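Working notes, beginning with the structure itself.
The values are calculated or read from the model by the stated rules, or taken from the named source; none is laboratory data. This one's a predicted model, so the numbers in the text were calculated from it and none came from an experiment. Here the Cβ positions follow ideal geometry from the backbone for every residue, glycine too, while neighbour counts run over all protein chains shown. Protein only, heavy atoms only, side chains kept; ligands, DNA and RNA dropped before computing areas. Shrake-Rupley method; radii C 1.70, N 1.55, O 1.52, S 1.80 Å.
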Amino acid sequence: MVDDRRGEPLFERLCLIGVGLVGSSIARAARERGDIARTVVAHTRKPETLARVRALGFADVVEADPAEAVRGADCVILCVPVGAYAGVMAAIAPHLAPGCVLSDVGSTKGSVIRDLGPLLPPGVHLVPAHPMAGTEHSGPDAGFADLFRGRYVILTPVPGGNAAAVERIAELWRRCGSMVERMDAATHDKVVAIVSHLPHLIAFTICGTADDLAEETREAVLKFAASGFRDFTRIASSDVDMWRDIFLNNREALLEMLARFTEDAQALGRAVRWGEAGFIEDRIRRGRRIRRGLIERKQA
Ligand SMILES: NC(=O)C1=CN([C@@H]2O[C@H](COP(=O)(O)OP(=O)(O)OC[C@H]3O[C@@H](n4cnc5c(N)ncnc54)[C@H](O)[C@@H]3O)[C@@H](O)[C@H]2O)C=CC1
Ligand SMILES: O=C(O)C(=O)Cc1ccc(O)cc1
């Protein structure tokens, strides 16, 4: 492996609010590289998580009080479910140091700007971010330093925001091995509604539909579950709080994509009912084309 470690850390004191899958992966990447932050502070609420995070040893300081955790930090990253942002921000805002860069990893971006913007103290720079990397697992044990390697991170800078702060967060993600893109929050929310949120909604639904089947059929479904259904169950095993919050905080874009999807699914169902082989073939070919395109892009 190429040793691309650099000298000076990007931040003196990086505080991660929440150290589940994503937060603990940032901490692990920072620890492994050494040039992201001199000190990593982890805030976790629950006593049992606190003990576990201490035992895992990926943070220099583990702090239960959010106000204490952010004290003196020059970078704070929120890594909690997006529905918790307003409460967390109310607790930390008065204690954020002037000049501090406040960022996040939340899966929705319009709601983040809505919930954090009004509480932002003067001199604190907000840089919303979303790593397009994750798994169906959660909690501090689930994280790993390479989670973000080779994956995109989308920044949605706020209009009139601090350009130097945006560049420092971009650099943090590059040091985690990610490719950084910028877009506005509304575009981000539409894109992730189709590539991430709708697929999860479909996975939760299809598992429920299978579970509603009569006992005998349900047993057979589970016994013979081929990879298609198994892939859905992997996605459907994701964290409850996180996905409830994503659905409720990307409501408009998700409902728009769901309406389009429902229309398209009904059109395919109609073709099945009326034996329209050509229409069915077209849809399948389109799926195959999209898959091929994705694979070619990865290889390019
Ligand atoms: N899981 C994934 O694949 C990805 C998740 N995200 C986003 O990252 C954020 C974190 O997700 P994960 O790390 O996967 O979740 P996680 O469930 O692994 O970790 C979240 C942690 O936050 C804690 N927490 C919840 N409310 C809190 C509060 N008020 N104060 C302090 N801690 C609190 C939870 O106890 C948990 O330990 C979410 O906003 C999610 O939308 C972004 C990209 C990928
Ligand atoms: O595990 C999967 O399939 C994912 O889709 C992970 C994921 C979940 C949420 C995000 O905002 C980004 C990535």
List every residue pair whose Cβ atoms sit under 6 Å apart, with the two residues 6 or more apart in sequence or on different chains, where the first one lies in segment 58-85 and is in the same structural domain as Trp173 (by TED's automatic domain parsing) and the second, anywhere, is among the basic types (Lys, Arg). Phe58/Arg28; Phe58/Arg31; Val62/Arg54; Gly72/Arg13; Ala73/Arg13; Asp74/Arg13
Scanning segment 97-126 residue by residue, those within 15 Å of ligand 1 (Cβ to nearest atom) and out of contact with any Asp or Glu (no Cβ under 7 Å at 6 or more places or on another chain) turn out to be Leu102, Ser103, Asp104, Val105, Gly106, Ser107, Ser111, Ile113, Arg114, Asp115, Leu116, Leu119
Going by the conditions given, is His188 touching a strand residue (DSSP E or B) at 6+ places or on another chain (Cβ under 6 Å) and either within 16 Å of ligand 2 (Cβ to nearest atom) or not assigned by TED's automatic domain parsing to the domain that holds Glu136 (or both)? yes
Can you say whether Leu21 is within 16 Å of ligand 2 (Cβ to nearest atom), under 23 Å from the mean Cα position of the chain (by Cα) and assigned by TED's automatic domain parsing to the domain that holds Glu171, as far as the supplied structure shows? yes
Extreme residue, farthest from ligand 2 (Cβ to nearest atom), among residues of segment 124-136 that are assigned to a loop (DSSP other than H, G, I, E, B) and either basic (Lys, Arg) or out of contact with any Leu (no Cβ under 6 Å at 6 or more places or on another chain) (or both): Pro128
Answer yes or no as to whether Leu198 is among the aliphatic types (A, V, I, L, M), open to solvent by less than 20 Å² (accessible area, probe 1.4 Å) and over 29 Å from Arg31 (Cβ atoms). yes
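If you check Arg52, Arg31, which single one turns out to be among the basic types (Lys, Arg), near ligand 1 (Cβ under 10 Å from one of its atoms) and in contact (Cβ under 8 Å) with a residue 24 or more places away in the chain?
Details: Arg31 fails: near ligand 1 (Cβ under 10 Å from one of its atoms).
Arg52 is the lone residue from the list that is among the basic types (Lys, Arg), near ligand 1 (Cβ under 10 Å from one of its atoms) and in contact (Cβ under 8 Å) with a residue 24 or more places away in the chain.
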Which residue out of Gly275, Gly287 is small (Gly, Ala, Ser) and on the phi > 0 side of the Ramachandran plot? Gly275
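Yes/no per residue for (1) charged (D, E, K, R); (2) touching a His at 6+ places or on another chain (Cβ under 8 Å); (3) outside the structural domain of Pro98 (by TED's automatic domain parsing); (4) more than 15 Å from Thr108 (Cα to Cα):
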residue	(1), (2), (3), (4)
Asp146	yes, no, no, yes
Thr156	no, yes, no, no
Glu167	yes, no, no, yes
His197	no, no, yes, no
I'd like to know if segment 128-136 contains one or more residues that are more than 9 Å from ligand 1 (Cβ to nearest atom), open to solvent by 10 Å² or more (accessible area, probe 1.4 Å) and within 21 Å of Asp241 (Cβ to Cβ). no
Lone unmet requirement of (1) at pLDDT 95 or above; (2) out of contact with any His (no Cβ under 8 Å at 6 or more places or on another chain); (3) under 30 Å from Val112 (Cα atoms) for Ala253: (2)
Among the residues of segment 154-164, is there at least one that is farther than 26 Å from His200 by Cα, assigned to a helix (DSSP H, G or I), touching a helix residue (DSSP H, G or I) at 6+ places or on another chain (Cβ under 6 Å) and open to solvent by 50 Å² or more (accessible area, probe 1.4 Å)? no
Restricting to helices (runs of 4 or more DSSP H) lying wholly in segment 217-299: which have 1 or more residues that are without any contact (Cβ under 8 Å) to a residue 40 or more places away in the chain, closer than 24 Å to Gly20 by Cβ and not assigned by TED's automatic domain parsing to the domain that holds Ala133? 227-236, 240-249, 251-273
Output the number of residues of segment 7-50 satisfying the condition of being part of a helix (DSSP H, G or I) and either charged (D, E, K, R) or surrounded by fewer than 24 Cβ atoms within 10 Å (Cβ to Cβ) (or both). 8
